[in-house]
1. Taking the options THR111, THR78, name whichever one is within 11 Å of the ligand (Cβ to nearest atom) and of a type in the set (S, T, N, Q).
2. Of the residues in segment 19-38, how many are touching a His at 6+ places or on another chain (Cβ under 9 Å) and within 16 Å of the ligand (Cβ to nearest atom)?
3. Only residues that are closer than 18 Å to LEU272 by Cβ and aliphatic (A, V, I, L, M): list them for segment 81-126, please.
4. May I ask you to verify whether MET1 is within 15 Å of the ligand (Cβ to nearest atom), of a type outside the set (S, T, N, Q) and modelled with pLDDT of 95 or more?
5. Can you find a residue in segment 16-24 that is surrounded by fewer than 18 Cβ atoms within 10 Å (Cβ to Cβ) and on the phi > 0 side of the Ramachandran plot?
6. What number of residues within segment 246-258 are surrounded by 14 or more Cβ atoms within 10 Å (Cβ to Cβ) and either touching a Phe, Trp or Tyr at 6+ places or on another chain (Cβ under 8 Å) or in a loop (DSSP other than H, G, I, E, B) (or both)?
7. So which of PRO75, PRO90, PRO44, PRO39 ends up being more than 25 Å from GLU181 (Cα to Cα) and buried (at least 22 other Cβ atoms within 10 Å of the Cβ)?
Amino acid sequence: MKDKKVDAIKKIAKLISDNPDSKVIFLVGAGISTSCGIPDFRSPGTGLYDNLAKLNLPFAEAVFDIEYFEQNPKPFYTLAKELYPGNYKPSKFHQLMKVFQDKGRLHRVFTQNIDTLERAAGIHSDLLVEAHGSFALNHCISCKKEYPQNVFKDKMLAGEEFANCEECEGLIKPQIVFFGENLPRKFFLTWDKDVTELDDKSIVVVAGTSLAVYPFASLPEEVPKATTRALINLEKVGDFKTNPRKCDIFYSGSADGAATELAKELGWLSELDSLSKLLETDEESTENVASGKEGEAAKVDSIVKDLEKLELKEDT
Ligand code: CNA
């Protein structure tokens, strides 16, 4: 490990060890799941947007745009089938957050991810805020009838092109927050409460996010000045870049690498390893698992190929 990374890990670990009554808040994004084989949005080359931009969509983000979905849901359904939860297992970073929970040191995880891997790692729902929703809840956008998590998988596996409501034939959509939709109330209520509890012994760890999607991206700015903010990411982003603070910590590298090093420094490596072994032997979570860079690249290829088959503009 390079010196700067060692320094960053040591500083984070020291703050956590020196303040045994303090708890950690994690603010995370797609970068903590790329090692699981799920592409993120914005990494150059491997990110979904670079790849979707080559397609005949009106704009790359259209797949997650509610107005576009109402006109043409096929691209989203195609993507949803590929990114469907259950096809992946949690990364080391997810597992480390679970170890924080087991040690009684987890205050909250705010995630932008929709892959439900925090749940798969065993994070309790009261310690988890899925800011952009998830595949776990589904409803008809016309009559609002609710559907269980497996509604997409079942319909897609049955070869159906659309997930239509049994009652009114409306489109079924997971409660993933699309551009143009509001975030869940739980996000605002929980953050407003949590932020008031932060002090000079607390630490907020931001990981695997470009901090480009608001309002989530503004959370690090709202952390009180006395509280340490740590960024674990491949690049410096958001407020860490534009408005750095003296006590900020930056670990430039992979989230999984940081997770292992932090566990080592905290003396929690055996707990992390035990959890990894447990998840590896969990048949459900290892089914069809794609992993690492190869998994991510293969996944992007397969998404793009499937989307290419759609006549994206003619349906709009
Ligand atoms: P993003 O904009 O794609 O940014 C990802 C960030 O993570 C970038 O800054 C990368 O440099 C960084 N990164 C990538 N790989 C790693 C790694 N191994 N270790 C550390 N850092 C890494 O994604 P955001 O989460 O910031 O954007 C928010 C969007 C992405 C939300 O609306 C999500 O719903 C959406 N999204 C979620 C998933 C998922 O659920 N896994 C996948 C793709 C997109």
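The values are calculated or read from the model by the stated rules, or taken from the named source; none is laboratory data. Everything numeric in this text was worked out from a predicted model, so none of it was measured. In this analysis, Cβ positions are derived from the backbone assuming ideal geometry, glycine residues included, and neighbour counts consider all displayed protein chains.
1. Values: THR78 fails: within 11 Å of the ligand (Cβ to nearest atom).
None of the others qualify; the one that does is THR111.
2. Taking segment 19-38 and keeping what is touching a His at 6+ places or on another chain (Cβ under 9 Å), we get 22-26, 28, 32-33, 36.
Cutting the leftovers down to within 16 Å of the ligand (Cβ to nearest atom) gives us 26, 28, 32-33, 36.
Qualifying residue count for the region: 5.
3. LEU96, MET97, VAL99, LEU106, VAL109, LEU117, ALA120, ALA121, ILE123
4. Against the criterion (within 15 Å of the ligand (Cβ to nearest atom), of a type outside the set (S, T, N, Q) and modelled with pLDDT of 95 or more), MET1 does not qualify.
5. no
6. First, the residues of segment 246-258 that are surrounded by 14 or more Cβ atoms within 10 Å (Cβ to Cβ): 247-258.
Checking the rest, the ones that are also either touching a Phe, Trp or Tyr at 6+ places or on another chain (Cβ under 8 Å) or in a loop (DSSP other than H, G, I, E, B) (or both) come to 247-248, 250, 253-256, 258.
Result for segment 246-258: 8.
7. Working: PRO75 fails: more than 25 Å from GLU181 (Cα to Cα); PRO44 fails: buried (at least 22 other Cβ atoms within 10 Å of the Cβ); PRO39 fails: more than 25 Å from GLU181 (Cα to Cα).
Testing whether each residue is more than 25 Å from GLU181 (Cα to Cα) and buried (at least 22 other Cβ atoms within 10 Å of the Cβ) leaves just PRO90.
Residues checked against (1) at pLDDT below 70; (2) within 16 Å of the ligand (Cβ to nearest atom); (3) under 27 Å from ILE16 (Cβ atoms); (4) crowded, with 17+ Cβ neighbours inside 10 Å:
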site: GLY208; (1), (2), (3), (4): no, yes, yes, yes
site: SER218; (1), (2), (3), (4): no, yes, yes, no
site: LEU231; (1), (2), (3), (4): no, yes, yes, yes
site: LEU234; (1), (2), (3), (4): no, yes, yes, no
site: PHE240; (1), (2), (3), (4): no, yes, yes, yes
site: ASP273; (1), (2), (3), (4): no, no, yes, no
